Every structure is written in C-alpha cells, then in structure tokens.
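Asks: The structure is given below, and queries will be raised subsequently.
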Amino acid sequence: MNKIQQIFKNRSEKVIPFLTAGYPKLNDTVKMVLSAEKAGADMVEIGMPFSDPVADGPVIQEASQIALKNGVTINWILNTVHEIRTHSEIPLVLMGYINPILKFGVEKFISECKNIGVDGLIIPDLPSEESYKFSKLCNLNNISFIMLVAPNTSNDRIKSISKIAKDLIYCVSILGITGSNTDYKNLEQYLKRVEESSLCPFVVGFGISTKDDVKDINELSHGAVIGSAIIKKINDNEQPHKTVFNYIKGLKN
C-alpha cells in the first residue's frame, strides 16, 4: 500500500497544495514542500513546468514559464523530489504533460519516480483511451495514476476512469482552466454524480482558495486541491516557504 492509498483509507478533511517546481526560484521548492507538510498539508502536488500547459490558467502558466527560465528539467525535478524524500514522508504527486515524459522515456520516468519515492502521477493531456501502457507501468511500480474527470464527464465514463485509476481521481470543478471561479450550485450536483459513479476516492481542484472553499469541497469529496491561489500568494515573495506555511495553516485551522 502506497502513501496515497493509506491517507485515503479514511474520509477526512484534506488540504492538498499545488506548487510549481522551480518557482519562484530553484531553491524554494524543497523548503515550500517541507513548510506545507509542517503546516498540515495532507499531500503535495508538484507541477512539472511545460511550455504549453493546456489545463492551466494564466497564473500557473506564468509560474511555469519562469520555472523553465530558471532551468527546470525533469532530471532537476526528480533530484529535487529525492531531496524532499530525505526529509519528508508526505505523499507526493507529480503533475505534468505527456510530451516531456515521452521525450524522457516513459518507462525510465516511471522507474525513476518509484526509486525516489513519488506516490502519484497526474497527466492531464493523456486520455483514458491512450493510457493503458502508462497506467500498467504505474501499477507495476506502486504509483497511483490519478486521472481527471470534469462536469461534462458521463457517469459511465467516470466509472471506467476510476476503474483504471483505482486509487484516486481528480475532479476538475469547472469546464475551464485553473484559477477560474467555481459555480457551487452546479458543483454539488456534479460531485454527487461522481460519488455515485466512482469506484475510488476523489479530490477536487480548480478555483479553490479560501477556508470556506476547503470546508465546502471536503463535505462533497475526499480532499481539496489549492493551486493558483497559492501561486498568487508567493508571487514576488522573498520568503515563499513562510507564505506557504501561513496560508495552509489558515486553511487547516
């Protein structure tokens, strides 16, 4: 049983921050992840910067561009996760796009992820119809392949995606990009469908920023992912790890 399977065995309020690897500076990532853990984060999602992040809004797009200019590569990200693992046991998920992974080598990438202690992977632009090899390799290496569903995903497709994912699925709260506002009136109905159709736990992301958001989302799901709101908080910040700590502490309390 990996760390993701362990923390989702029981339903409880969960806060899951998203941090862009290498942003705002290369040496900030390790400190921010450790600060998030210290503040009470239940899991951390680390974004792998890409030049064409189709699921991300302007805030995370800009962070990705800065991280790439800082020199972030897959090798750098893997080395950074390895360093985090020497200090931390928090569940770690890498979120990135398929092209850089294909260039790096899928089997090599997943093998390296296992060796350094990555617990989960999210690949937004890899549809379920093309995910067989990737999901199989994840399963063989005890890594949770976390797949996405959206408000327009049918009940049958939610079920089939959750069957492939097995451990956890990620519910995009809106038909749009990260950082957009969430329509809670329609969200409740959508997440009720996911609850009824999914064969595994599910977390919700996109448009979550406040303590009330976290509370409301956790009442409807198994965890809340906070991304663009954190990136905004650490913009032009001299001590981003302290900002991350204080922000997550406030969400948890």
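The values are calculated or read from the model by the stated rules, or taken from the named source; none is laboratory data. Values in this document were obtained by computation on a predicted structure and should not be read as measured data. Glycine gets a Cβ as well: all are built from the backbone with ideal geometry, and neighbour counts include every protein chain shown. Please note that ligands, DNA and RNA were not included when accessible areas were found on the heavy atoms of the full protein model with its side chains. Shrake-Rupley method; radii C 1.70, N 1.55, O 1.52, S 1.80 Å.
Asks: Would you call residue 42 part of a loop (DSSP other than H, G, I, E, B) and more than 30 Å from residue 103 (Cα to Cα)?
Replies: Here the answer is yes, as residue 42 does meet what is asked.
Asks: Being surrounded by fewer than 16 Cβ atoms within 10 Å (Cβ to Cβ), assigned to a helix (DSSP H, G or I) and free of Cβ contacts under 8 Å to residues at least 60 places away in the same chain is the requirement here; does residue 78 meet it? Quick ask: steps written out before the conclusion?
Replies: Working: surrounded by fewer than 16 Cβ atoms within 10 Å (Cβ to Cβ): no; assigned to a helix (DSSP H, G or I): yes; free of Cβ contacts under 8 Å to residues at least 60 places away in the same chain: yes.
In short, no.
Asks: Another one. If I filter the range 109-128 for residues that are closer than 19 Å to residue 6 by Cα, charged (D, E, K, R) and in a loop (DSSP other than H, G, I, E, B), do I get at least one hit?
Replies: yes
Asks: Among the numbered criteria (1) in contact with a strand residue (DSSP E or B) (Cβ under 9 Å, 6 or more places away or on another chain); (2) open to solvent by 30 Å² or more (accessible area, probe 1.4 Å); (3) not β-branched (Val, Ile, Thr), which single criterion is violated by residue 250?
Replies: (1)
Conditions tested, residue by residue: (1) among the acidic types (Asp, Glu); (2) modelled with pLDDT under 95; (3) open to solvent by 40 Å² or more (accessible area, probe 1.4 Å).
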{"site": "165", "(1), (2), (3)": "no, no, no"}
{"site": "172", "(1), (2), (3)": "no, yes, no"}
{"site": "175", "(1), (2), (3)": "no, yes, yes"}
{"site": "207", "(1), (2), (3)": "no, yes, no"}
{"site": "222", "(1), (2), (3)": "no, no, no"}
{"site": "229", "(1), (2), (3)": "no, yes, no"}
{"site": "241", "(1), (2), (3)": "no, no, yes"}
{"site": "244", "(1), (2), (3)": "no, no, no"}
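Asks: Report yes if some residue within the range 7-29 is of a type in the set (Val, Ile, Thr), more than 20 Å from residue 204 (Cα to Cα) and open to solvent by less than 10 Å² (accessible area, probe 1.4 Å); otherwise report no. Before the answer, list the steps.
Replies: Step one: list which residues in the range 7-29 are of a type in the set (Val, Ile, Thr), which gives 7, 15-16, 20, 29.
From the residues that got through so far, the ones that are more than 20 Å from residue 204 (Cα to Cα) too are 29.
From what's left, open to solvent by less than 10 Å² (accessible area, probe 1.4 Å): 29.
Yes, the range 7-29 contains a residue that is of a type in the set (Val, Ile, Thr), more than 20 Å from residue 204 (Cα to Cα) and open to solvent by less than 10 Å² (accessible area, probe 1.4 Å).
Asks: Follow-up question, since we're still on this one. Residue check: is residue 122 in contact with a Ser or Thr (Cβ under 6 Å, 6 or more places away or on another chain) and at pLDDT 95 or above?
Replies: No.
Asks: Out of everything in the range 61-75 that is part of a helix (DSSP H, G or I) and of a type outside the set (S, T, N, Q), what residue ends up being surrounded by the most Cβ atoms within 10 Å (Cβ to Cβ)?
Replies: Filtering the range 61-75 for residues that are part of a helix (DSSP H, G or I) and of a type outside the set (S, T, N, Q), the one surrounded by the most Cβ atoms within 10 Å (Cβ to Cβ) comes out as 63.
Asks: Still on this model: Here are some residues: 153, 182. Which one is in a loop (DSSP other than H, G, I, E, B), at pLDDT 95 or above and crowded, with 16+ Cβ neighbours inside 10 Å?
Replies: So the residue among 153, 182 that is in a loop (DSSP other than H, G, I, E, B), at pLDDT 95 or above and crowded, with 16+ Cβ neighbours inside 10 Å is 153.
Asks: Exactly one of (1) assigned to a helix (DSSP H, G or I); (2) of a type in the set (A, V, I, L, M); (3) open to solvent by 20 Å² or more (accessible area, probe 1.4 Å) is unmet by residue 148. Its number?
Replies: It is condition (1) that residue 148 fails.
Asks: Considering only residues of the range 30-41 that are farther than 19 Å from residue 228 by Cβ and among the hydrophobic types (A, V, I, L, M, F, W, C), which is most open to solvent (accessible area, probe 1.4 Å)?
Replies: Taking the candidates together, the pick is 34.
Asks: Hey, among 59, 44, which residue is within 21 Å of residue 225 (Cβ to Cβ) and touching an Asp or Glu at 6+ places or on another chain (Cβ under 9 Å)?
Replies: Selected residue: 44, the only one of 59, 44 that is within 21 Å of residue 225 (Cβ to Cβ) and touching an Asp or Glu at 6+ places or on another chain (Cβ under 9 Å).
Asks: Condition first: in a loop (DSSP other than H, G, I, E, B) and touching a residue at least 40 places away in the same chain (Cβ under 8 Å). Can you find one or more residues in the range 26-36 that meet it?
Replies: Step one: of the range 26-36, the residues in a loop (DSSP other than H, G, I, E, B) are none.
Taking every residue of the range 26-36 in turn, none turns out to be in a loop (DSSP other than H, G, I, E, B) and touching a residue at least 40 places away in the same chain (Cβ under 8 Å).
Here is a yes/no grid of residues against (1) acidic (Asp, Glu); (2) in contact with a helix residue (DSSP H, G or I) (Cβ under 8 Å, 6 or more places away or on another chain); (3) surrounded by 18 or more Cβ atoms within 10 Å (Cβ to Cβ); (4) free of Cβ contacts under 8 Å to residues at least 24 places away in the same chain:
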{"residue": "95", "(1), (2), (3), (4)": "no, no, yes, no"}
{"residue": "100", "(1), (2), (3), (4)": "no, yes, no, no"}
{"residue": "103", "(1), (2), (3), (4)": "no, no, no, yes"}
{"residue": "108", "(1), (2), (3), (4)": "no, no, no, yes"}
{"residue": "114", "(1), (2), (3), (4)": "no, no, no, no"}
{"residue": "122", "(1), (2), (3), (4)": "no, no, yes, no"}
{"residue": "125", "(1), (2), (3), (4)": "yes, yes, no, no"}
{"residue": "131", "(1), (2), (3), (4)": "no, yes, yes, no"}
{"residue": "139", "(1), (2), (3), (4)": "no, no, no, no"}
